[in-house]
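A quick write-up on the structure given underneath.
The values are calculated or read from the model by the stated rules, or taken from the named source; none is laboratory data. Model, not experiment: these values are computed from the prediction. Don't worry about glycine lacking a Cβ; one is built from the backbone with ideal geometry, like all the others, and counts go over all protein chains shown. Quick note on the areas: whole protein, heavy atoms, side chains included, nothing else; ligands and nucleic acids left out. Shrake-Rupley method; radii C 1.70, N 1.55, O 1.52, S 1.80 Å.
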Amino acid sequence: MSAGAIVAIIAAVVVVVLVIGLMSAARRRKLQQRFGPEYDRVVGETHSHRKAEAELTERERRVRSLDIHPLDETVRVKYAGEWTAIQERFVDEPEQAVAQAGMLVTSVMKDRGYPTEDHDQVLADLSVEHANTLDHYRAAHQVSLQAEEGSASTEDLRLAMLHYRALFGDLLGQPANAQSANAEPDAAAADSRPVMPAPRTGPAR
C-alpha cells in the first residue's frame with residue numbers, strides 16, 4: 001500500500017471520528033436543553049453521560065408512544081376552578097388541601113394522557129415535557145408523604161401547595177413560569193393560579 005493511500009485512510013478515519021464526535025455533542029446539547037436539571041440528575045445517578053443519555057432517549061421514545069394531548073379549554077377552566085377551591089380550603093384544612101392538590105394534579109395527568117399507576121414512571125414520563133417543574137412535583141410529593149405520617153408543618157404544607165401549583169400550571173398549558181419555593185403567586189395568572197391564602201397560625205392539623 002502506498003504512502004498516499006495510508007494517509008488517505010488515516011484522514012478518512014479522522015473525519016469519521018470527528019463527525020461522530022460532533023453528532024454526539026449535538027445530541028448531548030439537545031438532551032441538556034430538553035431535560036434541563038433532570039439531565040444532570042440522571043448523569044449523577046448513573047455516573048455516566050452515555051448511560052444517562054440512553055435513558056433519557058428511551059424516555060423520549062416512550063412518551064412519543066403515548067397519547068399525550070393538551071386539555072380543551074372547557075376542561076382547563078374546570079380544573080382551574082377546582083384548584084381555586086382547594087387553595088381557599090388551605091386556610092382551615094391545610095393537610096386536606098394538600099392531599100386534594102395532589103389528587104387534582106394526578107387527574108390532570110390522566111386527562112392529558114399520562115399513565116399514573118407507578119410514581120417512578122410518572123416522573124420519567126413527565127421529565128420529557130415538564131422537566132423544569134419536575135423538582136417541584138418531587139418536593140410536593142415528599143411533603144404529602146410526611147403529611148400522611150403527621151410530620152409536616154403548616155409551612156411545609158404551604159410550600160407543597162406552591163410546588164404542586166408549579167406543575168399544575170405547566171400541565172394545564174399555561175406558561176411554565178415556575179415559582180421558586182419561597183415566591184408569592186403571580187397575580188397575572190389569577191384566573192387559575194390565585195393568591196395562596198396565608199395559613200392560620202398554629203400547628204398543622
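Listed values, structure above:
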read-out	value
Scope region 111-126; condition crowded, with 19+ Cβ neighbours inside 10 Å and over 18 Å from R41 (Cα atoms); matching residues	R112, Y114
Residue in region 142-157 that is part of a helix (DSSP H, G or I), out of contact with any Gly (no Cβ under 7 Å at 6 or more places or on another chain), over 28 Å from E60 (Cα atoms) and small (G, A, S) present	yes
Some residue of region 29-44 being open to solvent by 40 Å² or more (accessible area, probe 1.4 Å) and aliphatic (A, V, I, L, M)	no
Only listed residue being open to solvent by 30 Å² or more (accessible area, probe 1.4 Å) and among the small types (G, A, S), chosen from A54, A97	A54
Those residues of region 90-114 which are without any contact (Cβ under 8 Å) to a residue 12 or more places away in the chain and under 25 Å from E155 (Cα atoms), in sequence order	Q96, M103, T106
Region 59-89, residues that are in contact with a helix residue (DSSP H, G or I) (Cβ under 8 Å, 6 or more places away or on another chain) and without any contact (Cβ under 8 Å) to a residue 12 or more places away in the chain	R89
Every pair of residues 6+ apart whose Cβ atoms lie under 7 Å, when the first sits in region 123-147 and is in contact (Cβ under 8 Å) with a residue 24 or more places away in the chain and within 15 Å of T106 (Cα to Cα) while the second is surrounded by 19 or more Cβ atoms within 10 Å (Cβ to Cβ) and among the β-branched types (V, I, T)	S144/V98
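Residues checked against (1) under 20 Å from Q33 (Cβ atoms); (2) of a type in the set (A, V, I, L, M, F, W, C); (3) surrounded by fewer than 21 Cβ atoms within 10 Å (Cβ to Cβ):
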{"site": "V128", "(1), (2), (3)": "yes, yes, yes"}
{"site": "D135", "(1), (2), (3)": "yes, no, yes"}
{"site": "A140", "(1), (2), (3)": "no, yes, no"}
{"site": "A147", "(1), (2), (3)": "no, yes, no"}
{"site": "S153", "(1), (2), (3)": "no, no, yes"}
{"site": "L159", "(1), (2), (3)": "no, yes, yes"}
{"site": "H163", "(1), (2), (3)": "no, no, no"}
{"site": "F168", "(1), (2), (3)": "no, yes, no"}
